Amino acid sequence: DVYNGTVTFLPLEENDEGKYQIKKCHIYQIQLTHIKDEEWSMSVVAPFPEDWLSDGITYPKLAWLGNELLSKLAKWSVEQKPSEFKSTLSLISVAKYSQVYQDLKEKYKEIVKVWPEVTDPEKFVYEDVAIAAYLLILWEEERKEKGLTKKQSFVDLGCGNGLLVHILNNEGHSGRGIDVRRRKIWDMYGPETRLEESTIMPGDSHLFPDTDWLIGNHSDELTPWIPVIAARSSYSCCYFVLPCCFFDFHGKYIRRQSKKTQYREYLDFVVQVGSVCGFHVEEDCLRIPSTKKVCLIGKNRTYPPTESALIDKQITQYLNNRPTCAVVTCNRRTGFNHKDQSDNVREGMGSELPENESTIWMPGFQPREKIEQIRNCSSLPRDFVDDVVLNVANLLLNEAPEKSYSNMHGGNTNTWNQGESLSLREVAEQLNKETLKRLKSEYGGLQTLLKNNHQVFKVLNGRVHIRDWRKEKPSRKTKPEVKRCLAAEAFKTRLCWFFIHHPDGCSLPSELCPYAHGTEELRESQIIKKKKHI
C-alpha cells in the first residue's frame, strides 16, 4: 500500500482440498510513517503475536523482525551506495543492440526446440544470442574506428555448447571454438561451424597470432589467462571475457578483501591482469539472463609495439609473484619460461629444459577434466545408498513411535507410523563419520541422497519426513496427459520400500500403490523395453 506506506505479508497455506487459506497467526506488516520535515519512523507490526510460531525459515522470529530486520531496513533506506557496476550496454548503441538481438533471436529460435543437452535451452540459447548481438555491434564499431573492411576473426576458448561460435560463423566472422569436452549439439551445427575438442594449456603452444579476438564466455579456469594469451599472441590481438566462476591462474580464486563482494573483487582481479598485460580494459554490463553479466574488454593497448618485450617481462614477473604459485611443488623459474615476442629475451632456464616443458607458463595450471565427474549421489554403490536410507528411516520412525495415522481400507482401521521429522543437521549427527565423509564428496551430500530417494523421504524447508503416499497429489507443473503417460510406464516397475521395510507395511493397498508389493507384481519398465527394441 504505497499511499499509506505499508507492506503487509499474508502467508497462504494449501489445505487438503487444494485451496489456499490465509494463515492469520503469521501476518505481519512493515509501516513507514512521516513525522515531520525529514524525520521518518519505521515499525514492524504483528497483529497476533501470541499465536506466532517460528520455524526460522518461512516464518522468522518476532525478535529478529523487530531487532535485526528493522535496523537493516532503516540503514538501507538512508544510505547512498554507488553501484558496483557500469550501467547496462554502456559501450554500444542500445537501439542498435535491440534490433540486432531481435533479428538473431528470430533467426535462431528453432534451436530451442531441438536442444539435445541437459541444460536449460531457454537460458543458454538466448544468452548466447545476446552475447553474439553485443559482439557483432562491438566489432562493427571497431571496423569503423580503425577503417577495417574485413570482418574480425576469433577463437572462443572454452566454447562449451559452441552456439556462440555457430552464430558468429553464420554472421560472417571466421573463427573456431575449442573445448576440452565435445558436446552432443556440436553434430547439429554442420561443417561450417568449426569446433575442436582439445585441452588448452597456457603456454607458447597455445598462441593465436593470426586471430583478431579471443573470447572467454564463462571460460572458468581459462578466464585470467585470456588477457595473457591475447597479449602474447600478437600486438593486434584483442579479448572479450565474461567471468563467471572464480578462478586464479591455477585453482580457485582466494578472496583477499572483505569490503567488496566476491564478484566485484574477482572482476577487479581480471581487470588488473588485463592492465598488467598492457590493455586498456573496458567494462560493460550485458543484458543476459544471468547473475554474472559483467564483461571485460581489452581492445586497445597502453604501450607502443616497440615495448612488447618489456610488457612480456612484466607479465612473467606478475605470474611469478601471484601468491597461489607457492602451492606448486616445482621449480618456479622453469615453470615460467617464456619466449618473448622480440625473440631476444629468454626468461628462466629454457635452454636446460625439454621443449614440451619449456613452453608451459605455469606447471600448476589444472585444466578441466575431459570426462565430467557425476557427483550427485547417483554413482554411489546401491548397497551403500540402501543402508543410509534404512538408517535414516529408522531414525525418523523411532523418534516418535507413538505418532500414528488412522486410515480406512475396506472397513478395517489401520494405524500407520509416520514417524517424526528431523532437521538435516540432526540426521547427519546420527550417521557415522565414514558415511558422512563419503557423502560430502558428492554435490549436495546427504540432502541430495535423500531427495533422490523420493519414494521414501520428503525434504521440506531443511527437514526430513517419511513420505506418506496417501497425502500425495499429482504435480500441477506437469501436463495431465504427460503425467498419465509417465505414470503408466513406471507403474509397478520398482519394489515398494515401505512394503518391505516399514514396520506397518505400505500405507496404501496394493492396487493404489505405484510400486510393487512383492516380486510377483513387478513389471518390466516400458522405457527399458523401448531401448531394447531400438
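The values are calculated or read from the model by the stated rules, or taken from the named source; none is laboratory data. The structure presented is a predicted model; accordingly, all values stated were derived computationally and were not measured. Please note: Cβ atoms are built from the backbone with ideal geometry, for glycine as well, and neighbour counts cover all protein chains shown. Heads up: the accessible areas ignore ligands, DNA and RNA and are worked out on the full protein's heavy atoms, side chains in. Shrake-Rupley method; radii C 1.70, N 1.55, O 1.52, S 1.80 Å.
Okay, here's what the table says:
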{"read-out": "Single condition residue 44 does not satisfy, out of (1) assigned to a helix (DSSP H, G or I); (2) over 30 Å from residue 268 (Cα atoms)", "value": "(1)"}
{"read-out": "Lone qualifier among 93, 98, 153 - being touching a Ser or Thr at 6+ places or on another chain (Cβ under 8 Å) and over 19 Å from residue 292 (Cβ atoms)", "value": "153"}
{"read-out": "Residues within region 1-36 that are open to solvent by less than 40 Å² (accessible area, probe 1.4 Å) and touching an Asp or Glu at 6+ places or on another chain (Cβ under 7 Å), tallied", "value": "1"}
{"read-out": "Any chance residue 281 is touching a Leu at 6+ places or on another chain (Cβ under 9 Å), on the phi < 0 side of the Ramachandran plot, open to solvent by 20 Å² or more (accessible area, probe 1.4 Å) and modelled with pLDDT of 95 or more", "value": "yes"}
{"read-out": "Criterion (farther than 30 Å from residue 430 by Cα, modelled with pLDDT of 85 or more and open to solvent by less than 70 Å² (accessible area, probe 1.4 Å)) met by exactly one of 518, 505", "value": "518"}
{"read-out": "Which listed residue, of 361, 416, is closer than 19 Å to residue 498 by Cβ, aromatic (Phe, Trp, Tyr), modelled with pLDDT of 70 or more and open to solvent by less than 70 Å² (accessible area, probe 1.4 Å)", "value": "416"}
{"read-out": "Failed condition for residue 454, given (1) modelled with pLDDT of 85 or more; (2) open to solvent by less than 80 Å² (accessible area, probe 1.4 Å); (3) not in a helix (DSSP H, G or I)", "value": "(2)"}
{"read-out": "Enumeration of residues in region 57-77 that are among the aromatic types (Phe, Trp, Tyr) and under 13 Å from residue 28 (Cα atoms)", "value": "59, 64"}
{"read-out": "Given (1) farther than 29 Å from residue 151 by Cβ; (2) over 21 Å from the mean Cα position of the chain (by Cα), number of the condition residue 235 does not satisfy", "value": "(1)"}
{"read-out": "Conditions (1) touching a residue at least 60 places away in the same chain (Cβ under 8 Å); (2) open to solvent by 60 Å² or more (accessible area, probe 1.4 Å); (3) over 21 Å from the mean Cα position of the chain (by Cα); (4) under 21 Å from residue 240 (Cβ atoms): number failed by residue 114", "value": "(4)"}
{"read-out": "Residue check for residue 206: in contact (Cβ under 8 Å) with a residue 60 or more places away in the chain and either touching a Ser or Thr at 6+ places or on another chain (Cβ under 9 Å) or not hydroxyl-bearing (Ser, Thr, Tyr) (or both)", "value": "no"}
